[in-house]
Every structure is written in structure tokens, then in C-alpha cells.
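Working notes, structure below.
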Amino acid sequence: MKKKRDALSPGLLAVAEYIDKHRHAVLAQSALEIGREIGTSDATVIRAIQALGFEGLVDLKDTLESHLGETDSPSEKMAATTNELLDDTNSAIDFVVADMGHAMAALSSEENRGAVALAVSLLSDARKIGVFGIGASGIIGTYASRNFVRSGFPSYSLNRTGIMLAEQLLEMETGDVLLILAQGRPHREVMTAISEAERLSIPIVAIVGKQETALAAHAAAAIVLPRAKTEKVAMHGASLVCVEVLTLGLAARNRDKTLAALDRLVELRQQIRPNKR
């Protein structure tokens, strides 16, 4: 890369130097976001990447990943968080409350209220709701899928990594809606799910960490829940709260359907475990 940088124009060189100094950050950024950091266009970013010998941004990220391994170090983030906390539980409470307070203020904004309303409308009309999330987001996604089923809305989880996700993606059909929980960078799994949804003309609802992410650009409705301190340990409570909001929003919009599903749930439970007399 160093040999090729010597032949770059000043504009392209600025991009190359940014990439070299911010390798972890680049893995989570789009060409537009990189351009904004430098003060140039996304087209210039792409030209610089190609001048460095890569086919495009995806090729560059693949190469960086192979050298850097995991894009986010949980140990580094936990270390940064604990270094900021005092050796007592009060500072832990204050940290979490501040982070959640920041996210809840964002959730109640006019922009997010509109996004939630649109999301509920889309989910209400879905044949089935696919919920994508991996890692901690996958656990919340599984909970979301359970909530939707209980409320009378057929749902399934998309929570595997690597090629195992491909089998789950076969369940997606035209008429579904895809709910994505992804606070981090646009990795291969989520982009593959998005690509399949777009191929099937499936609307996408996304819960994301920032509006500028490439994930939000693909969503019909994007709910933005920013983290107060992105360099610190990840908090997932806000996503869970947002899932609860969507569940209640669906129930309020489809009261009879939800109550019928819950009544049937009670009947089935009684068949499994009859009440003793």
C-alpha cells in the first residue's frame, strides 16, 4: 500500500492516510461517512480505494478484517469503561442510567416517533416478521420474535452467523417484513439479509445506532438509538425497550387480533397443564 500511496494525488492521499490511521473505524463506515470525515466526496473515497489496488470498499474491509481480526475488542471497551468508573456500584448505576437516558431521549424524539409509527404500520401488514440480530442483538431478536407470535403475528428469527444464516434466510418470502437489530458496522451477515430482503421486495425496519449508517439507508423505517459513548462497553437495554414499544404498538393497532392470540395461548396452556380441581 505504501508504494502505491506515493503515486496518489493530494486528495486521494488524504483518503489513504485516513484509512491507514483509522482502520477499525473504516470497517464501520460507508464511503460517504469516510468522505465526511475528510471533507471530500464518496466518489473520491472510492477512487482512492481503487487506486490502492482494491476493487472497492467491500474488498478493502475484507482485507482489513483479515489483518485486524475482530473489529471491536470487548476487553478494550470494558477496560475503557471500568477505568472511568469508581470502585462502587453507584458509579455503575450512574453510567447505565446516563446511557439509557440518552437513548430514551432519542427514542421519544419526533423523528423516532414517526419512524416507530411507520414501523408498526409495516409490521401490522406483514405476512410474517423476520427478526435479524446476531450476538447480544440475536438474543433480543429472539425475544422480539416470541413477543410478535404471542401478539398474533407469525415471526421467525435470523440469528445465525456464517453460512448457517443462509438456511434461515430461505424462510424469507415476499409479503414478509424484516426487522433488523444492528448497532454496529454493516457486516456480511446483515448485508446478505438486506440483499435478500430487497430481492424479495421485503420492507425493512431497522433499529440502528446512528442515522448515517449504511443500514439505515436500506430501511423503510429506521429507529435511531445512539449510544452515549460508543467507545465504551455496549449497552443493549435501549434495543430491548424499543422491541417492547413495537410490540405494544402492534397490539394497540390490532387489539382484537392480539387478544384472540392470547386467548388461544391460554387454551393451549390449559390443554398441556389442566387446572386441578
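Annotations for the structure displayed:
- Mean separation of Cα pairs under 8 Å and 6 or more residues apart, divided by the residue count, gives the chain a relative contact order of 18 percent.
- The coefficient of translational diffusion for region 87-226, derived via Stokes-Einstein from the alpha carbon Kirkwood radius under 37 °C and 0.692 mPa s, stands at 211 µm²/s.
- For region 81-151, the equivalent ellipsoid built from the Cα gyration tensor has semi-axes of 32, 18, 9 Å, listed from largest to smallest.
- Close amide H contacts of Ala206 (hydrogens built in the peptide plane, cut-off under 5 Å, sequence separation of 5 or more or a different chain): Ile180, Ala221, Ala222, Ile223.
- The three principal axes of the Cα atoms in region 143-277 give end-to-end lengths of 58, 34, 28 Å, sorted in falling order.
- Here the sum of -39500 (n - 2.57) over DSSP H runs of 4 or more residues, divided by the residues of the chain, equals -18500 deg cm²/dmol at 222 nm, to the nearest 500.
- Folded to 0 to 90 degrees: helix 89-107 orientation relative to the chain principal axis, Cα: 90
- Kirkwood hydrodynamic radius (C-alpha pairs) into Stokes-Einstein, the chain, 4 °C and 1.567 mPa s, D in µm²/s: 62
- Folded to 0 to 90 degrees: helix 136-150 orientation relative to the chain principal axis, Cα: 30
- Between the Cα long axis of helix 10-21 and the first principal axis of the chain there is an angle of about 60°, rounded to the nearest 10.
- Computed FRET value (nearest 0.05) for Glu173 with Arg146, which takes r as the C-beta separation and R₀ as 25 Å: 0.80
All of the numbers you see were taken from the coordinates with simple rules; none came from a lab. All figures in this text were calculated on a predicted structure; none of them were measured in a lab. Don't worry about glycine lacking a Cβ; one is built from the backbone with ideal geometry, like all the others, and counts go over all protein chains shown.
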